[in-house]
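Pasting a structure here, questions to come.
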Amino acid sequence: MPSPLASPATTEDPSFAELLAQRPQLTAHAQDGLCLEDVPLARIAAEVGTPTWVYSAGTLRRRFRALRDALAAAGLNSTIHYAMKANDNLAVAGLLAKEGAGADVVSEGELRAALAAGIPGNRIVFSGVGKTAAEIRLALEHDIFQLNAESAEEVETIAALAEGMGRRAPVAIRVNPDVDARTHAKITTGKAENKFGVAIADAAALYARMAALPGIRPIGIAVHIGSQITEGLSAYRVAYTKVADLVRELRARGLPVERVDGGGGLGIPYRDEIAPLPEALAGALAAGLGPLGLPVMIEPGRWIAGPAGVLLSRVVLHKRGATRRFAVLDAGMNDLMRPALYDAWHGLVPVAPHQFHAPLSPAEVVGPVCETGDTFARGRHLPELAPGDVMAFLDAGAYGAAMSSTYNARPLAAEVLVDGHRWAVVRSRQPVEDLLARQSVPDWLLG
Ligand code: LLP
């Protein structure tokens, strides 16, 4: 089966107009060119340089509220714990904190970022298969809302650490429900062969064990079946039904269950996928978990942040190869890794107004990194391009900047937040000196 993240080679890509029509935060102005909210992206490229990530505050707010309202309309008593891994910029997380979001974190860095963004420990859930003792201690010091334990071994570690600190750690067991979310193999997490969670058949016994440990307050059950789920809504329903059955079993054994965590994973349309609306996720949650009458948590990342961001990049040169033309950009796979890693398709739209209606022809869009995998798009219909032309990759707000690296000694790009007509740099471009700053050569090699 072809990967749902890859572009089907047989059908035509959506036009620029079709891409913009689906994304109300982006508009094409006759004079200003492509604008995000009320800010011309050409202005940001000119003042901040490229490559630069640009996020729309209005889109973040609108999407957070849509999710919150869908959950409420489904009759759920719920909390939203934004998955910091999607985009851990402090302005993004801070904006969501103001909206009432909690956070889902998976490392000390993300925990510290969430706290710095104004999300208190009692709204943070700590997930992840390999939390270190230092991370668990830090989470407990900050009165973490919930630790999602992913193994019996981890439960024992948490119990011992918490007891040593004279605390009871609030722990949920993340179960692996063995369902297929029908997403890319690299981001499916709820199949038995995946490294994540405790086999659902073993969860009740482990939960009983937790109840017997003085260092642990058993909180509930968590599940996360994968990411970029578009076709797999039925997998959500199966997973939530399995979790509800487990909770009933725990209750029958007299074990306390305070809440359930439905994870993240709701997909977005990158190309022309039919992605489910938040109402559909809320419906699956309500159908499966609603009857338990417990508070429900979710951990969305991509659905909130993905469509809110673009990556601006300039054409470095336009090159005619033997059989095709190449647009070589100043952004590379080190910036936006998703195409190289998952064959992901991202919309790519020129920023200059005259290019919206120019004749199109297929181009290979590549970055400057010395790997063939540093290819953003093949046979993409684009206008003639010249050095300096600015292009915008769409839907780059999630797993874009967060997954960047400095490969090829390329510094991390700048990040900008747009809010109506206002905009600000929210992470300055990394200076090249930074790449060398913490390195040293041992004495014996010198001289
Ligand atoms: N909760 C847990 C436990 C997770 O592992 C994840 C994502 C989320 C929540 C948030 O999932 P979301 O709502 O964003 O789908 N780098 C990949 C995505 C990896 C997702 C990993 N886990 C990509 O660029 O598509």
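The values are calculated or read from the model by the stated rules, or taken from the named source; none is laboratory data. Please read all numbers here as calculations on a predicted model, not as lab measurements. Note: ideal-geometry Cβ built from the backbone for every residue, glycine included; neighbour counts use all protein chains shown. For the accessible areas, the whole protein counts, side chains as well, though only heavy atoms, and no ligand, DNA or RNA atoms are used. Shrake-Rupley method; radii C 1.70, N 1.55, O 1.52, S 1.80 Å.
Pull up all non-local amide H partners of residue 377: gap of 5 or more, or a different chain, and H-to-H distance under 5 Å with H placed in the peptide plane.
365
More than 24 angstrom separation, counting every C-alpha pair in the stretch 44-145; what % is that?
31 percent
Nearest-5 percent of antiparallel DSSP beta bridges in the chain?
50 percent
So, one more: Compute the Cα gyration tensor for the stretch 58-304, then decide on rounded, prolate or oblate, letting a ≥ b ≥ c be the square roots of its eigenvalues: rounded whenever a/c is under 1.5, prolate when a/b is larger than b/c in the other cases, and oblate in all that remain. Intermediate values should be presented prior to the final figure.
Values: a/c = 1.61, a/b = 1.19, b/c = 1.35.
It is oblate, given that a/c is not under 1.5 and a/b is not larger than b/c.
How tilted is helix 233-252 with respect to the longest principal axis of the chain? Cα atoms for both, answer in degrees (0 to 90, nearest 10).
The helix 233-252 is inclined about 20 degrees to the chain.
Here's a follow-up. Roughly how tilted is helix 152-164, in degrees to the nearest 10 and between 0 and 90, from the longest Cα axis of the chain?
Value to nearest ten degrees: 70.
Another one. Return the Cα extents of the stretch 308-417 along principal axes one, two and three, sorted largest first, each rounded to a whole Å.
Over the stretch 308-417, Cα extents along the principal axes are 35, 32, 23 Å.
While we're on this one: Go through 195, 319 and list them by solvent-accessible area, largest first, probe radius 1.4 Å.
Numbers: 195 140, 319 105 Å².
Order by accessible area, largest first: 195, 319.
Would you list, by chain and number, the aspartates and glutamates whose Cα falls below 12 Å from the Cα of residue 191, excluding same-chain residues fewer than 8 positions away?
Qualifying aspartates and glutamates at Cα under 12 Å: 178, 180.
Let me ask something additional. Expressed as an acute angle from 0 to 90° and rounded to the nearest 10, what is the orientation of the C-alpha long axis of helix 200-212 relative to the principal long axis of the chain?
With both axes taken from Cα atoms, the answer is about 60 degrees.
How large is ³J(HN,Hα) for each residue in the stretch 346-351, as worked out from phi by the Karplus curve 6.51 cos²θ - 1.76 cosθ + 1.60 (θ = phi - 60°), to whole Hz, x for Gly and Pro?
Couplings: 10, x, 9, 10, x, 9 Hz.
Would you please put 264-272, 284-292, 152-160 in order of how densely packed they are, using the mean number of other Cβ atoms within 10 angstrom per residue and starting with the highest?
Ranked from most to least packed, the peptides come out as 264-272, 284-292, 152-160.
Mind checking which lysines have their Cα closer than 21 Å to the Cα of residue 98? Skip sequence neighbours fewer than 8 apart in that chain.
Candidates past the 8-residue exclusion: 85.
Would you please give the residues with an amide H less than 5 Å from that of residue 83, counting only those at least 5 places away or on a separate chain, with H modeled from the backbone geometry?
Hits under the 5 Å cutoff: 104, 301.
While we're on this one: Quick check: residue separation of residue 212 and residue 443 times 0.36 nm, minus the Cα distance between them. What number comes out in nm?
77.7 nm
Amide H of residue 325 versus every other amide H placed in the peptide plane: which residues, excluding those fewer than 5 positions away on the same chain, fall under 5 Å?
364
Between the stretch 180-224 and the stretch 303-372, what is the separation of their alpha carbon centroids in Å?
39 Å
Now for a different question. In whole Hz and in residue order, list the ³J(HN,Hα) couplings for the stretch 131-145 that follow from phi through the Karplus curve 6.51 cos²θ - 1.76 cosθ + 1.60, θ = phi - 60°; x for Gly and Pro.
6, 7, 4, 5, 5, 5, 4, 4, 4, 5, 4, 9, 6, 4, 5
Shifting gears a bit: Above 30 angstrom, tally the Cα pairs of the chain and express them as a % of all pairs, no decimals.
So the portion of pairs separated by more than 30 Å is 46 percent.
Still on this structure, please answer the following. Among bridges DSSP assigns within the stretch 96-209, what percent are antiparallel (round to 5)?
Here the antiparallel bridges make up roughly 0 percent for the stretch 96-209.
Residue by residue, what Karplus-based ³J(HN,Hα) values in Hz, rounded to whole numbers, does the stretch 254-260 have, using 6.51, -1.76 and 1.60 with θ = phi - 60° and x for Gly and Pro?
Karplus values, whole Hz, x for Gly and Pro: x, 8, x, 10, 8, 6, 10.
What shape does the stretch 101-239 take by its C-alpha gyration tensor, where a ≥ b ≥ c are the square roots of the eigenvalues and a/c under 1.5 counts as rounded, a/b above b/c as prolate, and the rest as oblate?
Oblate, because a/c is 1.5 or more while a/b does not exceed b/c.
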